């Protein structure tokens, strides 16, 4: 990236209200360090207690989803998962206003339908239905024996939706994966 390209990147980030941005490897130490940085940034922004709690909770869930579900490197190695998380303030909002958080990571194409189905179901739920589903999943002791893919019975997605002020948004876009077996998965929550 050239200095002028970096200047454009910074300008675009400011125009979009970006307060925090990370892209790269996701490991427990990286997530912990990024979480500390995020707390400091939100405090400096004067974010309210409820907004900080919801943003932090959503950040942790999204980061762990990248850590646990990002597609492995194209060479099949057990490399550390990669992804991106950004947090920003909605246009025209002051520090007491609304925020957004978005994440992106590669996923295997075989999971696109499953993810779409789960997200569409959550998007169609009311807040009370989300809370009820969360309580039911907490008591779901059979999850591990019936779902070999999800590690948390969908609790992370329900947590993100519970803290959001609007239905979750998501999309899939082509990845630059030479094998053609992955896509980039994006999820956005407004808090």
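Read the figures in this text as sums done on the coordinates, not as results from a lab. The model shown is predicted, which means the values in this text are computed figures rather than measured ones. Backbone-built Cβ (ideal geometry, glycine too); neighbour counts: all protein chains shown.
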Would you mind computing, in nm to one decimal, how far apart the modelled labels at residue 113 and residue 98 are, each placed 7 Å from Cα along Cα→Cβ? 3.4
Dividing the mean separation of Cα pairs under 8 Å (6+ apart) by the residue count of the chain yields a relative contact order in percent of 23
Hey, could you grab the Kirkwood Rh for the range 10-68? Inverse mean 1/r over distinct alpha carbon pairs, Å, one decimal. 12.3
Where the centroid of each part is defined by its Cα atoms, how far is the range 1-24 from the range 28-74 in Å? 19
Equivalent ellipsoid semi-axes for the chain, as square roots of 5 times the alpha carbon gyration tensor eigenvalues: give them largest first, rounded to whole Å. 26, 23, 15
Which distance in nm do the two modelled labels at residue 68 and residue 123 give, with both placed 7 Å along the Cα-to-Cβ direction? 2.3
